[in-house]
Structures are given as C-alpha cells and as structure tokens.
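Below is one structure; the comments refer to it alone.
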Amino acid sequence: MIGSVAKMKTPLDLMNAEEAGERLRIAREAAGFTQAGASAAVNLARTTLVAIEQGLRKIRLDELQRLAQLYGTSVNSLMRSEAVHVDLVPRFRKLIGTNDMALRAAAQLLSDLARAEVELEGLLGIQHDHNLPPERPLLAGDVQVQAEQDAMELRQWLGLGNRPVPDIISLLEMELGVRVYMRPLDSRISGLFAFDSRLGACILLNSNHPQVRKNQSAVHELAHLVSTRQAPEVLADDATEKSPQERYAKTFGRAFLTPPRSVMQKFKEITAGSPLFTRRHVIILSHSFGVSHEAMVRRLEELKLIKTGTWDWFEANGGITKSDVRQVLGDVLPIEQKVVDAATSTTLRLATLANHAWRQGLLSEGQLAALLKLGRIELRSILDVDEGEGGVADDAPVWLK
Amino acid sequence: MMPRFGSSKSKATLVLDTSVVINLSACGSGPRVLAALDREVVVVNHVLNELHPDHPKGHHTEFMAVAISRKLLEIVALGEVGLSHFENLTVGSGPDTLDDGEAATVAYAIQVGAKAVIDDRKAIRICREHPCRPRFASTIDLFRHPNVERDLGMAALGEAVFRALTIARMRVLHNDLEWVVKLIGTDRIAHCPSLPAAVRSKCCGESEKNQPAGA
C-alpha cells in the first residue's frame, strides 16, 4: 500500500512458534508450575498460555520476560537457538516425593548441566563420544552373583584386569563418556543417574561428600548404567537396600572397586610378616583402592581374610582417626581428607568446554553463568584456569616493560 | 593511554552491567567511586533480577541498597526502543546474543545515548559491531577516572582495585594491565588470579629481584 511501511519482523516473529512453545512448556514444567498457576502468576489468560505452548500463537516479548522471570531463567536461555531443551526431571517423578524439594532441585540441576554440556559441544563443534559398556539387565536368580560377574566382566572390558581403580570418576568421564557432574547437594543425597538418547548417560554427585564417598556413589551409579540403564536412579540416605536393584548395585560397587583377587594379593603384600591386622593395614589398603576404611574392612571380612566383626572392634576401640592416617600416609593425605571446595567444584570436561566457549567469544560471562547455574565469581574462577598466554584481552599478549 | 571513559565534561549517563556491580561491591569502596564520578549512574531492572537475594547466586544487594539509598544509583526500565534492541540482543544464536542483564545494559545505552559499563569481551565486541555503535567502558575505566583517583587517593584506590581483583576476580583488558600493576604494586599482582599468568609470573620475578640481599 502506498504510504505504508511494512512492520519489520522481530526475532520473536521469525521464531518457529511450535518450537518456542515447546521450550516454554519444558521450562514451565521444570519450574514446577501448572499452566493455570503460571498464567495466573504472570497475569495471562490460561487459554493464551495454552495457545502459546501449543504453537498456535506467537509469544510477545513482555509475556516472555514475565514468564522467564517466573521460571527462574532468562529470555536468552529460553530462546537462544542452540539451547538444548530436553528435561530429565519428569523421569525422576516416581522416585521423588511431591514435597522433596531438595531431590527435585538435584534432578533439575542434573538436567540443566547435561543440557549445558550438550549445548557447549554443539557451539564448539565437538562430538561427544560414548563408549558405554554392554547392558546387563537383571535376571531371575541371585542378583549378587550377577553383580559380581558383571563387575568383573566390565573390568575386563575396560582392560583393568585386577588392578585398583584410583579415579573412578575420571574413568566414567574419559573411558565411558558418561557425563559426570559434582555440585553441592543436600547432605542426604549422594547421587543421581539418568540416561537419555540425546544427552547420554548422566550422573550428578554430591561435591560436599568426601572423595571416598563420591567414589562409592559413582560406582553405584555405574552399576545402574550397566543393569538398569533406562531407569533413572536416586542414591540417598533413605534408599532401601532391599530392592534387587539396590542389592545388585551395592555388590557391583564392592566387586568393581575391590575385586577379590586384587584385594587378596594386596592384603598379602601389606600384612606380610605381621601377626596382627592393624589400623596401618586398613589405612594403606583403603588408600590403594580409593574406598572408605569401613568399606575396606568389611570387604576383607566378606572375603574371609579377617575375622567377621573386625570393623565393629575398630569402632569400639577409637576407630581410625585423621591423626592415624597422617602418621601412616604422611603429607600424602588421602583425597578424602582434603577439604573439597564445594562451591567451585565442577568436573574437568564441563569447565574446559566453558573455558573454550568463553575464550572463543561464543558465549558471554552472563550466558555461561546462566547456563552452568553458577555465580559470576564462581564462574570466573573456572575461566581463570588454563588461561595460558592469551590472557583475557582481545589482543595479543602485552609484555609489560 | 587515555582511558576510554573520557573526560568528566562529557557527563554521559553510565549503565552498569551485573559484572560491574559485582566488582564495585567487592572493591569495598563502591559508593565512594560512584559519588566521585559525579554523573547519573543507572542499572537496568534486568540486572537487578540477577542480583536479587532470592536469585540463587545473588549476594550484592547490600552495595545496591546503599548506593540507591544515597541516590548514587537508579534503577531504570527499558522503553519501547530499548526493548526492541533487547529482543535483538537476546533472541538468536548464542554467539550473536547476550544474556538478559548484558543485553538490557547495551539496549538501554542505545536507547538514551548512555555509556554501557561492561567487562565481558564478547559484549564489548557486540557493542563495537552493533549498527548503533553504543559507547562502552569497563570497571577499570571507572577506577581510572580522574575524580575517583582524586577523591579516593592512590592508596585507597589501590586497595579497592586489589579487592576487586582478588574477591571478584575482576577482568582487566590488556591496555589497562600496566596501570593496574603500577597501582597495586608488583608484590600484590601474584595474588590476582584473574590477571594473565605471564603478567603474574613476570611481576613475581621482578619482585624477587627487588628483595634485599639475604631476604
């Protein structure tokens, strides 16, 4: 028409309405809102929100901003074209009580971090290689026998033989391609596991826990990866050990971290010539295998290398103290003794991807903080690592004269 | 080299990004710095959302509360023009967009002809490449302002910058490194992890060379 100017299309106009709607639906459910609740909170008709989520109506910026704020996210996080919109939380629904906010938050965090890693891989053009072991679903019969068998089979598959696994978490990440994350969680939560065809196998561990407990949780989740891959899993203090899956996982963990022949061999070496089984022996053995003192002693009892009740005796007679450990191991403190900087702990791979994306100018500090669910200063501590000669500027390094 | 901030005669409104608020909060002299600048300083409400106490990681509200109560800082909202730029800066591909606080800061600067104070180098690149060419500055530019140097004095200014570097891990562009090193001294540079390793190790070497014999 003469004299009229066509209104320029905005980025939201150009965006696929169905895709935008789906992203909003996932964000709403992740935030725990019903359509009625969300629409009421942002003063939008419920029918309008339904139409938006179904892709029948394009969302306006003012509506998007209000919803983003309600859902605890940002417009950019919702609408960035590379953002991955897969939600793991619904898979955990049956495992999480309706009032268990801590578990719900942990499941959401696992989902968010896995999505973040996939998005970073996409931006950097990196392919994530899986090398997942063969699945071994539970069969009828003794699950503990199956667990011992499957643990040894996995060790062989990985080429570990009988030797100890000093770093189970790196093994999961580097050898198996499992996405492993560590963040501070509620103290009763040890870990979560979920598998998704797009995200792969994902594990979240509690960074507040000592290293040996994290190792134990990690191998527990590995057991689930092997035996019940398609089902999500929560490892918490109140978990029942009576289910076949849990009995399998517990036995698998023991067999994988402390394989019988390896333990027997090491026990023979460490106790050679000693008439008594001492705290020193416990400390050295558990340090070798990366397990807790109690786990080590109970394994020795199970393998009939020491008398049943030995751990109970230690507990009744002062236990094994940090001072005992320091005396035996000296300055090389076991990792469990180290103070874990839970506020900044994250696994190497995710930190490295974030670092690369920032240095290449692909994502800003604000985008990365939102993506990784970190405060700015926590994020900066990750970005400061591996800084190399390039520094933080756009230009070549300036050597101060 | 003259700081990008320019002279006090320009009196452009300053729009602070989240990253800058965090630096000023950490430096311990944030309100004094704002007062010395003697110009309108604003924060867009999107940034406030990122600093809200309910926000999981927000813990800079005390600085904001003091600055606002002393009328050193004002919270503003984007108008129609700003919102249009905000949408262009947030909806799109990752490399071409910014998170909400950063986008709102740049959008407001465009809307009112203000100067976006923002440390993130991707955001700075976007400002440089934007058709509207919004003006920008960094936290260091605030610290380098002649009024701030005069009102705080070099010792207090050095302490403020050191705190921003060590507590908030403030970013410093290459062009400002020499000024920072000269201000806070080579002895303290080694404790600033956000500075390039080459600078820290060079200053550490120089510091050792300057130690009295037998030290």
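Scanning the stretch B:60-89 for residues that are within 14 Å of chain A (Cβ to nearest Cβ) and under 17 Å from the mean Cα position of the chain (by Cα) turns up B:H60, B:T61, B:F63. Counted as qualifying within the stretch A:71-156 are no helices (runs of 4 or more DSSP H), as none has 3 or more residues that are surrounded by fewer than 13 Cβ atoms within 10 Å (Cβ to Cβ) and out of contact with any His (no Cβ under 9 Å at 6 or more places or on another chain). What number of residues within the stretch A:112-150 are without any contact (Cβ under 8 Å) to a residue 60 or more places away in the chain and touching a strand residue (DSSP E or B) at 6+ places or on another chain (Cβ under 7 Å)? Adding up the residues that qualify gives 0.
Condition check ((1) assigned to a loop (DSSP other than H, G, I, E, B); (2) at pLDDT 95 or above) across all residues:
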position: A:R247; (1), (2): no, no
position: A:K268; (1), (2): no, no
position: A:S274; (1), (2): yes, no
position: A:H287; (1), (2): no, no
position: A:V297; (1), (2): no, yes
position: A:S323; (1), (2): no, no
position: A:V332; (1), (2): yes, no
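Restricting to the stretch A:224-238, name every residue that is outside any loop (DSSP other than H, G, I, E, B) and in contact with a strand residue (DSSP E or B) (Cβ under 9 Å, 6 or more places away or on another chain). I'd like the intermediate steps shown before the answer.
Step one: list which residues in the stretch A:224-238 are outside any loop (DSSP other than H, G, I, E, B), which gives A:224-227, A:233-236.
Correct list: A:H224, A:L225, A:E233, A:V234, A:L235, A:A236.
Checked against (1) within 14 Å of another protein chain (Cβ to nearest Cβ); (2) at pLDDT 90 or above; (3) surrounded by fewer than 16 Cβ atoms within 10 Å (Cβ to Cβ), B:G92 passes all but a single condition, namely (3). Taken together, the criteria place A:M174 among residues that are closer than 21 Å to A:T258 by Cα and either among the hydrophobic types (A, V, I, L, M, F, W, C) or more than 14 Å from chain B (Cβ to nearest Cβ) (or both).
Checking the conditions here, which among A:L154, A:L109 is under 22 Å from A:V219 (Cα atoms), in contact (Cβ under 8 Å) with a residue 24 or more places away in the chain and away from chain B (no Cβ under 14 Å)? Just a single option satisfies the conditions, and that option is A:L154. Step by step: first the residues of the stretch B:49-75, then only those that are buried (at least 21 other Cβ atoms within 10 Å of the Cβ) and not in a loop (DSSP other than H, G, I, E, B), then the one that is modelled with the lowest pLDDT. Which residue is that? Result: B:L51.
The values are calculated or read from the model by the stated rules, or taken from the named source; none is laboratory data. These figures come from a predicted structure and were not determined experimentally. Note: ideal-geometry Cβ built from the backbone for every residue, glycine included; neighbour counts use all protein chains shown.
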